[in-house]
Structure formats: C-alpha cells, structure tokens
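Heads up: the structure comes next, in structure tokens.
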Amino acid sequence: MKVLRFVRLVFIIVITSLSLAACNEDSNSTAPIFYIDSSLEEGLIFGGEGGEQFIKFGCSMDWNLQISSPNNDMTWCTSSMTSGKAGNYNVKFTVTKNTDENERFVYVNIFAGTSTITFIITQHKKNTEDDVEKPTISLSQESFNVETRGGIIKVDVESNVQYMIQMPDIDWITEMTDNTKASNSHYFAISENPLLTDRNADILFVTQELDTLATVVIEQRANNFITVNSTEAGSLLGIIGAEHIEDVTGLKVIGDINGNDIVLIKRMTNLINLDLSQSRIVEGGVSYGKKDIHYTIPIYIDDEKHPQVDAYTENDIIGENMFENCNFKSIKLPNSSKKIDARAFKNCLLLKNVNIPKSVNYISWFTFYNCKSLDNVIFENEAKPGIGYNAFARCESLKNIDLPDGISEILRLVFAGCISLEEIKIPSNVTKLYQSLFAGCSSLEHVDMPNNITEIEYGVFSNCKSLKKIDIPKSITEIQGYTFYL
C-alpha cells in the first residue's frame with residue numbers, strides 16, 4: 001500500500017461504448033456530459049485524524065455513486081449521497097480517525113449511463129502524537145476566597161503525569177503536604193491577613209520541565225479589624241493612614257489616645273466594633289466636638305437646645321458627647337476609665353453591647369440615652385458606679401440588666417421608656433428608688449427589691465402595664481403618689 005503515497009494522477013474518466021457502431025454518425029450516443037471539480041485530479045487526501053471534505057460536480061443524466069476497496073473495508077469512508085438525477089451537486093465525504101499504522105484508500109465511482117468517473121480517497125496513517133498521552137491534570141477546586149482570619153484549604157488532584165507544586169514567593173501561604181508521599185490531596189495553610197487591603201497569590205502545578213499544568217488562585221479579604229499600638233497620644237492617623245479611614249470596621253487601640261485620636265475614630269463611619277480596653281484617654285490634642293454648658297432635664301427626652309462649647313479630652317474620662325450619634329455596635333471602654341460623662345453615647349442607635357469597667361465610679365446623665373439597639377450591658381465584678389438620671393432611658397431593646405451590688409445610687413428616669421425590660425434586681429446597697437425610675441417600662445413583670453429600701457418616689461412604676469409581682473420590703477417608710485399609675 002505504500003506505493004499509494006506516490007500516486008499523483010488518480011482522476012480517471014472512462015467512457016465506454018456498448019458497440020463500436022456508436023462512433024457512427026448515424027448512431028444515438030448514451031455518453032453523459034460531466035462537470036467535475038478540477039481539484040480532484042489528485043483525489044481527496046485526509047489526515048490521520050479524519051474529517052470531512054466536499055466535491056462539486058454536475059451531470060446531464062441520472063447517476064449513482066459507489067465506494068469500493070481492495071480489502072472490502074469501506075466503513076471508515078461514507079458519502080452524503082449515493083445517487084441523483086441530472087443536475088449540480090455538492091457531495092460530502094466523511095472519514096473517521098485512522099488508528100492503523102498504514103495508509104488506507106478507497107475508490108469512488110460515479111456511474112452515469114455508459115460512463116464512469118473514478119477518483120481515490122486516501123487517508124494517512126495515524127498521527128504519531130496519538131501514541132503519546134498528553135499530560136493532563138484535574139483539580140477539585142481552582143480558586144478560593146479565604147476569610148480574613150485565614151484557614152486551611154484542600155486541593156485534590158487527578159493527573160496522568162508527574163507534577164510538582166510551585167509555591168508563590170510569599171510567607172502567608174505554606175504547604176502542609178509532603179510532596180514525596182503518594183497522595184493526591186494537598187493542604188495549604190493561609191495565615192490571617194493583617195492588612196487593610198485584599199491580597200492574592202497563585203499556586204502552580206507544573207511538570208518536571210516547569211510547564212504549567214494548572215493554577216490555584218487564592219484571594220484573601222482585607223483585615224477590617226485592626227489592632228493599633230499607639231506609642232504616643234495623637235498618632236492614630238499616622239499609623240492607620242487617611243486612605244484607610246473608611247475601610248476599618250473593627251479597631252482595637254493599645255496605648256494613650258487624645259482629642260486627635262477621638263476625632264479620627266469618629267470619622268471612621270464604617271467602624272462598628274471598638275475596643276479601647278487597653279487604651280487610656282489622656283488630655284491634649286484638638287477639640288473632639290461640642291458639649292453643653294448647661295442642662296434642661298425634660299421627663300423623657302433631651303431635645304432642648306443648649307449653648308455649646310468645644311470639648312477636650314481629660315485624663316481617664318469618657319467625655320461629654322464624646323461618641324454621640326456614632327455607628328458602633330459594640331464598644332469596650334478603657335479599663336482605666338473613672339467616669340462616663342453626660343451623653344457620651346447618646347443616640348448610638350446601633351450600639352448593642354457595652355462593658356462597664358470596675359474603675360468607673362460614675363455613669364452620668366443621658367449617657368446611653370436612646371440607644372435603641374442596646375441589649376447587653378456588662379458590669380465588671382466589683383464595679384460600683386453611681387448612675388445619673390436618664391442614663392439608660394429609651395434603650396428599647398434592653399430586656400434585662402445585672403446591676404452589681406456595689407451600686408448605691410440610681411437616679412430618676414434611669415430606665416424610663418425601656419419598653420423591653422422584663423425583670424430587674426435592685427442592688428442591695430440602694431436605699432431609695434428615685435422619681436419615674438421605671439416609668440413606661442411596659443414589659444416589666446418582676447422587680448426584686450432589697451430589704452433596705454426605705455423610699456419609693458413619685459411615679460417609679462407608672463405605666464408598667466405588665467407588672468405581675470413586686471415584693472415591698474418592710475423597710476419601706478414612704479411610697480409617693482402615682483407610683484403604680486397606669
């Protein structure tokens with residue numbers, strides 16, 4: 001069959017006659033008129049992979065097409081038509097892949113009347129590349145979005161070739177799998193992202209020749225909760241950077257902070273978790289805002305307009321109006337705090353959690369007023385602050401609060417309008433319930449009072465519509481009017 005490689009002229013037209021007498025001018029000829037693509041002079045040649053090719057021809061009479069082979073193996077070559085009437089045609093020939101070591105061929109005969117057109121379709125032997133298995137690799141997962149805190153990712157591999165893992169030139173991704181072991185599972189440890197920006201890296205699976213077979217893309221989110229060591233009060237802006245102020249959602253500060261730092265914290269509009277437990281507020285820096293210079297105290301609301309002056313930080317004091325209207329959800333106060341001044345957290349509508357350090361000796365008026373989401377107030381052991389009027393008024397989500405026994409004074413209206421408050425235990429050192437202390441606590445069901453209470457002032461339990469039980473101790477000497485008014 002090898003001689004077929006050298007066949008160049010395979011286009012044959014055979015016109016035969018049933019009788020030599022047909023050459024006589026008086027005889028009727030049966031020879032058709034053929035129009036066929038001249039490119040067929042070399043036949044049709046296919047590569048080893050097979051495929052499709054077309055021929056164009058025309059015939060003046062009915063025709064039939066037949067494929068034949070010396071060894072009767074014609075299944076690998078088919079035509080789209082095998083017969084037709086007079087006209088022009090475009091016939092498709094389809095050849096399957098050759099898996100044999102030799103070339104192969106078939107004859108194509110087109111019959112019309114007494115004439116025949118014959119050409120050869122030749123297919124080369126199979127491609128030598130087919131004998132070599134292409135290197136392939138399949139990964140169980142090709143990309144990972146890793147949380148800020150980091151973690152461990154697993155990649156399962158299926159491959160028909162030996163491969164190596166090429167790690168990126170960074171220190172926050174480490175391979176945990178010993179590549180010398182026969183295992184198709186690989187583990188990678190991702191460390192916590194300390195940056196305020198996202199980061200990414202690629203792990204490559206390569207051949208021995210370092211050709212890349214597959215890539216694992218790792219993307220890790222920015223660390224929007226950062227810890228800052230403030231070596232000097234007023235330095236937060238230089239440490240965090242002005243360009244990242246809007247990126248920070250959580251902040252822990254260690255060290256001294258002053259007015260400059262408070263201003264920066266208040267500019268972090270996306271800051272929801274603030275931890276100042278290991279910081280200390282000190283005097284100095286610019287004014288952090290305004291504070292009232294006198295006070296008018298309405299029954300439920302603090303909507304009077306007061307003259308205001310610039311407010312500056314003082315040592316160990318959470319100042320007046322310091323964080324008013326901020327978007328915090330949680331805050332840990334400095335462990336060194338001695339006082340939480342008036343309206344320090346007023347109208348922090350998203351604030352849910354707050355801790356009161358044992359160092360605090362006074363919570364001033366309207367401190368947490370109208371913190372509508374506040375539902376968790378934690379007093380540290382041994383805390384014994386006095387609580388000023390309206391300190392927790394209108395904290396509408398506050399269901400219960402554990403007041404330490406060290407507290408000796410809770411002034412008027414402290415819990416007024418806490419509509420979700422269900423129960424409360426009055427500290428044992430408290431001797432007097434001041435005016436309207438629980439006014440409007442419509443869900444309050446039970447109050448546990450100590451035995452040393454001597455006086456209940458005007459309207460303490462007014463509009464407490466759900467109150468079911470209250471034990472009046474024998475120590476009581478005076479209950480003023482409207483105490484249980486509904």
Item to check | Where a residue in the stretch 158-174 is within 14 Å of N200 (Cβ to Cβ) and its partner, wherever it lies, is in a loop (DSSP other than H, G, I, E, B), with Cβ under 7 Å and at least six apart | outcome: W172/S191; I173/M167
Checklist entry - Which residue pairs have Cβ atoms closer than 7 Å, lie 6 or more positions apart in sequence or on different chains, and pair a first residue in the stretch 218-239 that is over 30 Å from T174 (Cα atoms) with a second residue that is in a loop (DSSP other than H, G, I, E, B)? => result A233/N258; A233/V282; A233/G284; A233/G285; G234/N258; G234/G284; G234/G285
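Condition check ((1) part of a loop (DSSP other than H, G, I, E, B); (2) charged (D, E, K, R)) across all residues:
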site: N390; (1), (2): yes, no
site: E396; (1), (2): yes, yes
site: A439; (1), (2): yes, no
site: V447; (1), (2): no, no
site: N451; (1), (2): yes, no
site: V460; (1), (2): yes, no
site: N463; (1), (2): yes, no
site: K474; (1), (2): yes, yes
Checklist entry - Which residue, of R280, R221, is of a type in the set (D, E, K, R) and in contact with a Pro (Cβ under 7 Å, 6 or more places away or on another chain)? => result R280
Item to check | strands (runs of 3 or more DSSP E) lying entirely in the stretch 203-261 (those with 3 or more residues that are within 24 Å of the chain's Cα centre (by Cα) and buried (at least 19 other Cβ atoms within 10 Å of the Cβ)) | outcome: 212-220
Checklist entry - Considering only residues of the stretch 32-69 that are without any contact (Cβ under 8 Å) to a residue 60 or more places away in the chain and among the small types (G, A, S), which is farthest from V95 (Cα to Cα)? => result S60
Checklist entry - When I401 is evaluated against the numbered criteria (1) closer than 16 Å to K425 by Cβ; (2) out of contact with any Phe, Trp or Tyr (no Cβ under 8 Å at 6 or more places or on another chain), which criterion, by number, is the only one it fails? => result (2)
Checklist entry - Out of the stretch 308-323, which residues are part of a loop (DSSP other than H, G, I, E, B) and either of a type in the set (V, I, T) or surrounded by 19 or more Cβ atoms within 10 Å (Cβ to Cβ) (or both)? => result T313, G319, E320, N321, M322, F323
Checklist entry - How many residues does the stretch 398-410 hold that are outside any loop (DSSP other than H, G, I, E, B) and at pLDDT 95 or above? => result 1
Checklist entry - Quick one: in the stretch 262-286, which of the residues that are assigned to a strand (DSSP E or B) and buried (at least 20 other Cβ atoms within 10 Å of the Cβ) is nearest to the chain's Cα centre (by Cα)? => result L274
Item to check | Of all residues making up the stretch 33-47, the number that are modelled with pLDDT of 80 or more, part of a loop (DSSP other than H, G, I, E, B) and out of contact with any His (no Cβ under 8 Å at 6 or more places or on another chain) | outcome: 2
Item to check | Lone qualifier among S373, S364, S359 - being more than 19 Å from F438 (Cβ to Cβ) and buried (at least 20 other Cβ atoms within 10 Å of the Cβ) | outcome: S364
Checklist entry - Does the stretch 139-152 contain at least one residue that is within 25 Å of the chain's Cα centre (by Cα), of a type in the set (V, I, T) and part of a strand (DSSP E or B)? => result yes
Item to check | Condition met for T16 (out of contact with any Cys (no Cβ under 6 Å at 6 or more places or on another chain), assigned by TED's automatic domain parsing to the domain that holds E103 and at pLDDT 90 or above) | outcome: no
Item to check | Any strands (runs of 3 or more DSSP E) falling wholly within the stretch 48-108 and containing at least 1 residues that are within 15 Å of F34 (Cα to Cα) | outcome: 51-59, 63-68, 87-95
Next on the checklist: All but one of (1) in contact with an Asp or Glu (Cβ under 9 Å, 6 or more places away or on another chain); (2) in a loop (DSSP other than H, G, I, E, B) hold for I378; state the number of the condition that does not hold.
Outcome noted: (2)
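The values are calculated or read from the model by the stated rules, or taken from the named source; none is laboratory data. Model, not experiment: these values are computed from the prediction. All Cβ positions, even for glycine, are placed from backbone atoms using ideal geometry, and neighbour counts span all protein chains on display.
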